[in-house]
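Only one structure is covered here, and it is reproduced in the block below.
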Amino acid sequence: MSTPEVTNDPQFKTSRDQVLKQVWSQFKGMRRGDSGMVPIVIGIVVLVAYFQIRNSLFLSAGNLVNLFVQATTYVLLGMAEIWLLLLGDIDLSVGYVSVLGGASAVILTDTQFHWPWYLAILVAILVTTAIGALHGALTILLRVPSFIVTLAGLLAWEGVLIYVVDAQGTGGTIPAHEKVLYDLVNTNASPLVTWIFFVVCVTGAAFLILTRDRARRASGLLVQPFVITLIKIVTMAVVALLLVLVFNTNRGVFFAGHRTNLEGMPWAIPVDVIMLAGGTFLLSRTKAGRYLYAIGGNVEAARRAGISVNRYRLMAFMLTGFTSGVAGLLYISRQGGVSDNVDSTLVLYAVAAAVIGGTSLFGGRGKIIHALIGGLIVAIIYNGMGLLSITASAEYIAIAVVLLAAVAVDSLARRGSEVSR
Amino acid sequence: MTNSPESSSSLTPSTGPTEHDDSGVSPSLAPLLQLRAITKSFGAVQALKYVDLDVPAGKVTALIGDNGAGKSTLIKAIAGIYTPTSGEILWNGKVVHIHTPRDAEHLGIATVYQDLALCDNLDVVQNMFLGHEEMRYRTLDEITMELAAKQVLADLSVTTVKSVRQKVASLSGGQRQSVAVAKAVMRESKLVILDEPTAALGVSQTAQVLELIHTLAGRGIAVLVISHNLNDVFAVADRIAVMHLGTLVSSGPVADYDASSAVDLITTGESARNVSPMAPSS
């Protein structure tokens with residue numbers, strides 16, 4: 001990878017294109033299906049290295065934390081999409097639905113209602129889940145593709161959002177003053193709590209992996225060699241350690257003679273981790289999750305196996321709504337409120353996050369962890385381009401290129417994994 | 001549910017109730033499945049006309065006939081997808097009513113359709129347990145299911161499927177067929193219906209599947225096979241039943257037929273050669 005020489009715009013574009021092309025060819029060259037993670041991780045490393053070289057602030061603690069916080073929204077929105085992508089469906093309205101949920105919470109706490117935060121959050125989640133159920137009901141009962149139903153939703157809920165926000169009479173924006181809502185993203189847990197959280201996460205995960213391996217060994221089933229498991233656990237621990245160190249670094253700036261104290265992880269991080277863990281459990285350990293994969297893989301086979309297909313499809317739509325609601329709460333927290341002018345690219349980033357992470361648009365293939373990886377990649381590009389003061393147009397093009405590459409890779413992997421009979 | 005070979009089949013016909021049944025044969029010797037005058041109409045079209053068929057346990061019955069003869073319709077009537085317009089189905093000598101696929105499943109009838117109904121994105125274990133997963137504390141009991149799947153495949157002498165954790169998409173046609181059959185057998189089925197099991201398979205894969213069919217019958221399971229391929233039919237069948245334009249024109253032990261008489265019956269519905277139509281079930 002050549003060190004980019006930037007003196008004027010055309011050269012600048014070329015070197016960035018070179019890097020992006022390199023990322024793309026990494027994706028293309030991966031071994032079909034199985035080693036899905038490796039090229040994506042390589043892609044992340046490449047992107048990070050590129051941005052760090054261009055602007056050494058990229059890997060600073062302050063920027064990294066900012067990046068993770070930006071990622072939390074994309075990760076959750078990507079997760080919201082995955083429930084439906086697994087079925088071969090899609091939800092084009094997640095962007096507006098999530099913000100509508102967040103708006104509901106803000107309106108209930110900060111305007112004339114003055115509801116307590118827990119009720120507001122509950123209502124917000126209920127609203128988005130109900131919207132998801134509505135989409136699901138329409139898709140199933142009318143037998144209309146989810147693409148169309150949620151496209152209608154995209155337009156309808158945007159209208160509702162604008163109406164609801166404007167109806168509060170605050171001139172089109174409603175700031176979120178309520179402490180809990182605001183603190184979700186903008187306040188940090190103490191460094192001690194950060195340590196405890198990550199230690200618990202790593203030991204919990206290690207415990208689960210080790211007990212499962214032990215149970216398999218006891219039953220005489222094939223298990224990954226212990227060395228591999230050990231490497232996995234150690235890698236997890238190292239990553240967690242690095243994260244804790246980043247979060248606990250004092251990111252405060254010097255101002256008027258003294259330094260503000262800014263350390264610990266933002267509360268958005270554990271929210272995300274819990275959602276990811278819950279989602280992973282649902283998909284990999286429960287019947288419901290299994291049936292989502294089956295329906296996405298071969299709906300006729302699922303039906304013949306006695307699975308009530310429509311019930312699980314509705315469940316997936318509601319899960320999408322639920323996850324969007326949580327994403328919306330984080331979104332309005334980060335924005336410090338809600339306005340009637342919402343970023344309409346949110347849904348694109350949501351789908352991009354899910355697909356870049358490895359979820360297939362054709363159904364049947366995907367894991368919750370894909371949302372984490374894809375969301376991180378989207379955030380890295382978004383954050384890095386922000387640091388490089390790249391124009392919005394170039395940013396869109398870059399994300400589009402990466403999305404296209406990811407879909408192409410998905411399609412190739414799908415073709416490669418089928419054996420000719 | 002771990003499936004031990006002994007519990008899932010009976011090598012002798014099960015003893016039914018002692019009251020006299022419709023077939024005129026004492027219940028303990030009645031064939032497992034008996035169809036009596038089964039008729040199925042779709043509006044003005046009569047797809048099945050008064051079909052009488054016996055399918056005994058422990059034997060392979062081949063159902064042959066040209067396209068449109070009514071083979072698939074008959075299978076679907078047994079499997080509960082269609083309900084016959086008239087006629088009776090007897091199971092172990094007793095009249096039964098099969099209105100849904102679940103009814104057929106409860107009786108112990110398992111059907112392996114031509115498209116196999118497998119999910120390509122799931123592995124062998126997940127496919128074999130689809131819809132009937134083993135649970136432990138409300139989560140999937142992967143270990144029990146994996147052990148059971150391996151056991152069933154071993155019992156059926158399916159050696160070609162190396163790992164039960166590989167995705168079904170990466171299996172060959174014969175392996176997929178074996179998995180589909182194993183899935184049917186796992187439900188302690190007494191009758192397994194196979195719709196064109198060798199249609200898309202090559203030579204060695206066909207041999208695999210025919211071997212599997214032998215094994216099933218050897219375990220006392222009644223096997224009903226639809227096939228176009230007379231070579232396969234004569235290789236594996238104990239009994240043959242021929243359908244022609246919705247009627248069962250002939251049935252009997254395989255020894256009563258040869259390739260030419262079979263072709264005659266398929267194409268014209270009658271044969272001049274020495275085959276006795278509607279031979280008594282043996």
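Read-outs: derived from the displayed coordinates by stated rules, not from any lab. None of the values given here were measured: they were computed from a predicted structure. Counting neighbours? That spans all protein chains shown, and the Cβs are built from the backbone with ideal geometry, glycine included.
Over what distance in Å are the Cα centres of segment B:43-87 and segment A:264-279 separated?
58 Å
When averaged across all projection directions, what area in nm² does the alpha-carbon convex hull of segment B:131-198 cover?
On the way: hull surface 21.2 nm².
Result: 5.3 nm².
Go through segment A:202-213 residue by residue and turn each phi into a ³J(HN,Hα) via Karplus (6.51, -1.76, 1.60, θ = phi - 60°); whole Hz please, and just put x for glycine and proline.
Taking θ as phi minus 60°, the curve returns 5, 5, x, 5, 4, 4, 4, 4, 5, 5, 5, 4 Hz for segment A:202-213.
Calculate the length of the line joining the C-alpha centroid of segment A:170-200 to that of segment B:221-277, in whole Å.
Distance between centres, Cα-based: 76 Å.
Test of understanding: extend the Cα→C-beta vector of A:Leu155 to 7 Å, then name every residue of segment A:62-99 with backbone N under 18 Å from that spot.
Residues A:91-97 fall inside that zone.
With springs only between Cα atoms under 10 Å apart, run a GNM on chain A and tell me which of A:Ile140, A:Ile390, A:Ile44 wobbles the most.
A:Ile390
When chain A is modelled as a GNM with alpha-carbon springs shorter than 10 Å, which of A:Tyr291, A:Tyr118, A:Tyr312 fluctuates the most?
Result: A:Tyr118 has the largest fluctuation of those listed.
Can you tell me the equivalent ellipsoid semi-axes for the protein assembly as shown? Use √(5λ) from the Cα gyration tensor, largest first, whole Å.
60, 27, 24
What nm distance separates the two modelled labels at A:Val38 and B:Leu245, each placed 7 Å from Cα along Cα→Cβ?
6.4 nm
What is the fewest-to-most order of A:Arg212, B:Arg36 by other Cβ atoms lying within 10 Å of their Cβ?
A:Arg212, B:Arg36
Could you check the simple spin-label distance between B:Thr160 and A:Ala218, using points 7 Å along Cα→Cβ, in nm with one decimal?
Calculated label separation equals 3.7 nm.
Below 8 Å, C-alpha to C-alpha, sequence gap of six or more: please give me the relative contact order for segment B:108-193 in percent.
Relative contact order comes out at 53 percent.
At what distance in nm do the modelled label points of B:Glu188 and B:Thr268 sit from each other, each positioned 7 Å from its Cα along Cα→Cβ?
Modelled inter-label distance: 5.0 nm.
Taking Cα centroids, how far is segment A:37-72 from segment A:219-236 in Å?
The distance from the Cα centre of segment A:37-72 to that of segment A:219-236 comes to 29 Å.
What is the Å³ per residue value for the convex hull set by the Cα atoms of segment B:85-230? Provide the component values of the computation, followed by the final result.
Numbers: hull volume 20.1 nm³, N = 146.
About 137 Å³ per residue, rounded to a whole number.
With a 10 Å Cβ neighbour count serving as the proxy for reagent exposure, in which order, fewest first, do A:Asp272, B:Asp238, A:Asp91 appear?
B:Asp238, A:Asp272, A:Asp91
Could you sort out which of A:Lys367/B:Lys183; A:Lys367/B:Lys167; B:Lys162/B:Lys190 sit more than 20 Å apart by Cα distance in this structure?
Long pairs (Cα-Cα over 20 Å): A:Lys367/B:Lys183; B:Lys162/B:Lys190.
Which net charge results when you count Lys and Arg as +1 and Asp and Glu as -1 among the other residues whose beta-carbon is under 13 Å from that of A:Thr320? Can you show the working numbers first?
Details: positive: A:Arg313; negative: A:Glu81, A:Asp89, A:Asp91.
Neighbourhood net charge equals -2.
Which value in deg cm²/dmol, rounded to the nearest 500, describes the helix-derived mean residue ellipticity at 222 nm for chain A, given -39,500 (n - 2.57) per DSSP H run of n ≥ 4 and division by the residue count?
Computed ellipticity for chain A at 222 nm equals -25000 deg cm²/dmol.
Note the angle between two axes, namely the Cα long axis of helix B:259-268 and the longest principal axis of the Cα atoms of chain B, as a number of degrees from 0 to 90, rounded to the nearest 10.
With rounding to tens, the tilt is 70 degrees.
Relative contact order of chain B: what whole-number percent is it, with Cα pairs under 8 angstrom and at least 6 residues apart? Numbers along the way, then the final one.
Working: 559 pairs, mean separation 70.3, N = 282.
Across chain B, relative contact order equals 25 percent.
Over the residues of chain A, compute the C-alpha Rg and express it relative to 2.2 N^0.38 Å.
So the Cα radius of gyration is 1.01 times the expected 2.2 N^0.38 Å.
Can you check what the net charge comes to around B:Glu196, using other residues whose Cβ is under 12 Å from the Cβ of B:Glu196 (Lys, Arg +1; Asp, Glu -1)? Numbers along the way, then the final one.
Values: positive: B:Lys71; negative: B:Asp115, B:Asp195, B:Asp232.
Every neighbour counted, the sum reads -2.
Treat the count of other C-beta atoms within 10 Å as a stand-in for reagent exposure and order B:Met145, A:Met79 from fewest to most.
Taking fewest neighbouring Cβ atoms as first place, the list is B:Met145, A:Met79.
Where does chain B land at 222 nm, in deg cm²/dmol rounded to the nearest 500, when only DSSP H runs of n ≥ 4 count, each adding -39500 (n - 2.57), divided by all residues?
On the way: 9 runs with 86 residues, N = 282.
The per-residue figure over chain B is -9000 deg cm²/dmol.
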